[in-house]
Structure formats: C-alpha cells, structure tokens
Amino acid sequence: VEFEASKIEQFDSFVENTASVAIFVHQNPDGDALGSASCFCRLFESLGKTATVISPNECPPYLSFLHGFADFVDFEKQTTNAVNALDKADSVLFLDFNKIDRIGTVQKSLSLSGKNTLLIDHHPDPEEFAEILFSNVTVSSTAELTFHILHASGYWSAIDAVAAEALLTGIITDTGGFSHNCSKHATYEAVAALLEKGADREKIHTFIFQSNNLNKLQLLGNCIGNSMRVFPEYGAALMTITLKDKQIYNFSSGDSEGIVNYPLSVKGINFCALFTENEDMVKVSFRSKGTFPANAFSEKYFNGGGHLNAAGGRVQATLQEAIALFEKGLSSFESELKALLK
Ligand SMILES: [Mn+2]
C-alpha cells in the first residue's frame, strides 16, 4: 500500500498539531473500529496528548480487553462527557466509516469548525467530511490501513505491543479470523510487523472466538435450526432474530456478531441475510460469495451499503414486510444469483 509523500506529511502534522483528539467510531462499533481507535488512543497518550474515543452507542463487552476500553464514551449514555471531550478537542479522527450518518444522532452535536479532521476508512465512496482522507478499499480493514499509514509515517517507532495488539484485533475481526478480505500480501506484511511489535495473536483469538456465552451459542442454534429459510432456486437463505428471541436468549448488542456468515458454509448458498427485529425497525446484515453484490442489494432495498461480500441495511417495516422485500429483491437479482449456481 503506497501513499503520496504529501499525504503522509499531512498525517504527521495532524498528529503533531494535536493536543487533544476526539476519536469517532461508527454505530454498533466492531473490532476493527474499536481496535483502530484503541491503537490511536495508546499512540496519542504515549505522545503526552489526550485522546477520547466516542462511540454513538454501546461498545460490545467482548472487546473489553482492548486498551482504554473502560474509558470509551458511549454517546447515548454519557452524552455530557462526549460533548465536553469534543469541545476540548482540537482534532477529530473518524475511523471505519464512509458516511457521516453512520454516527447517527451524534451528528447534531458535531461542530467541526476550527478543528483538524482526519478520516481513515476502507469502505467504498467515502463522503468528504474530513480535511484529510485516507480511503482504500483494497485493504482488509481500517486497522490494516492504519498500520500502513503509521508504518510510512514518523510514528511507527512510537507503536508498542499494546497498540499493535489493538490493530491486529481489527485485522482478525474484519477478516473473520483470516477467512475473507485477506488475499493481499500487504495484509500479512502488516500482521508480521504487528507480531514483531509483540502483539499476542493467541490472546486475541481467545477473546474474540473462544469467549462465547451459552445464550449466544443457543441463539445461533435457533437461527440455524428454527429460523432459517432457504431459497434453493436462488442459492439464497435468510435467518431471523425476533423480539421474542431476544428475550428468550437474553440478547445484548454484539450477540448476533458472526451469525450471518453460517449459511454461506453450505455449498450452493451464495447469498444470505440475517434480519434482526427492533421496536421501530428491522436491521439486516448480508453476506455473499464471489461476485454477488451484497452492497448493491442492500442499497436498493434496505437503505444500506457496504462491501461487495458484506453489507448491512435497515428498514422501517415489520419483520414480515422486510422478508417480503428480501424476496422481491431476490427475484430482481435473479440473473446474478442464478449465474453463481451454474
Ligand atoms: Mn472495518
């Protein structure tokens, strides 16, 4: 991953000119967003600067091993803290999202005038809401892109094992433990350099993939065993988590992480969706194999977007209406879906 020298100079002066930074991640932040945020937190602290990570909503407890997690500010629950941190900040860093509405209602409190702003992201077609934009869709994750920037910058020597571990967490989670979005050698160069810094891969693996609670495993069982509907003619499948399921399985945010991927393990299923029912809307996650554009499907029917093989969206409708919309979408993408079945 190459950068123009002037871009790296911009990054270096962003860090240098920062005394206090507010770091924003997207709603329902994942290991990539919070891993990248945690790395920057550590870096700014080690340089004697103040960093506050602000999440639009709750940070999932499975990531609580990340450095600084206890101090990450949940905008919904700690609005005053978040607004104070933003007021004090002379710089704002946006991580792992391409559209400003990914931070939800936080937008209303976000005044950027007089502040230095930087966006680092790997989603396609970013809006230009920051002065300095690092956007690259060929990398596995924002964490990997952050690595390449830091490695090219004057700050690589300031990265310690703690910061490296946070970045490795982002790479591991966004690739599903090195199963997707990781066919480029640059990803492994990043991994090698982070291991050399002392990042503990086994520890991350244990926290991310071997710290399940029983409810979560049983929710997965319900999704696959009871809720799954297969559409063999399209090579597609859907699963649901209803409000009632949330009660039964004592659902908390992050519990559905990874569930959407399971139908793709079946030969002949190339596209799948997980519908999560909420009081006011239905949230949908999509996964696909090969060339099928999960992002275009989500954009057209579910006000969403994302990557070719991993996308998300939402719709203000009942669960039944959302499923009907999915079926309508399948028939409109019939030729693309059937091409993959040959
Ligand atoms: Mn990401």
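Nothing in this text is a laboratory measurement; each read-out follows from the coordinates by a stated rule. On a predicted model such as this, the values are computed, not experimentally measured, just so you know. Quick reminder, even Gly has a Cβ in these numbers, built from the backbone with ideal geometry, and neighbours come from all protein chains shown.
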From DSSP H assignment alone, runs of 4+ in the chain each adding -39500 (n - 2.57), the sum over residues rounded to the nearest 500 puts [θ] at 222 nm at -11000 deg cm²/dmol
Expressed in angstrom, Rg and Dmax over the Cα atoms of segment 1-50 are 12.5, 34
Classified through the alpha carbon gyration tensor (a ≥ b ≥ c as square roots of its eigenvalues; rounded if a/c is under 1.5, else prolate when a/b is larger than b/c, else oblate), segment 137-214 comes out oblate
Note, His180: beta-carbon cut-off 11 Å, +1 each Lys/Arg, -1 each Asp/Glu, net +1
Mean Cβ-within-10 Å packing, highest first, puts peptides 232-238, 170-176, 6-12 in the order 170-176, 232-238, 6-12
Gyration tensor on Cα atoms of segment 191-231, a ≥ b ≥ c root eigenvalues, a/c under 1.5 rounded, else prolate if a/b beats b/c, else oblate, says oblate
Here the percent of antiparallel bridges among DSSP beta bridges lying wholly in the chain, to the nearest 5, is 40
For Phe178 and Ile224, extending 7 Å from Cα along the Cα-Cβ vector and measuring point to point gives, in nm, a value of 2.3
For Lys115, counting only lysines whose alpha-carbon sits under 27 Å away and dropping same-chain residues fewer than eight positions off, the answer is Lys7, Lys49, Lys77, Lys88, Lys99
In the neighbourhood of Lys216 defined by beta carbon distances under 11 Å, the net charge of the other residues (Lys, Arg +1; Asp, Glu -1) is -2
Among Asn303, Met239, Asn261, the residue whose Cα sits farthest towards the positive end of the charge dipole of segment 231-342, when +1 is placed on the Cβ of each Lys and Arg and -1 on the Cβ of each Asp and Glu, is Asn261
Distribution output for segment 197-307: share of Cα-Cα pairs per 5 Å bin in percent, first bin at 0, values 2, 11, 20, 20, 18, 15, 9, 4, 1, 0
Label model pair Asp200, Ala161: point-to-point distance (7 angstrom along the Cα→beta-carbon line) in nm is 0.8
Summed over the other residues with a beta carbon less than 14 angstrom from that of Ser111, with K and R at +1 and D and E at -1, the charge totals +1
Computed for segment 198-298: size of charge dipole around the Cα centre, +1 on C-beta of each Lys and Arg, -1 on C-beta of each Asp and Glu, debye to nearest 20, value 260
Here P(r) for segment 50-209, Cα-Cα distances in 5 Å bins, as whole percents, is 2, 8, 16, 20, 21, 18, 10, 4, 0
Normalised Cα Rg of segment 71-136, dividing by 2.2 N^0.38 Å with N its residue count, works out at 1.11
In Å, the C-alpha Rg and Dmax of the chain are 20.0, 59
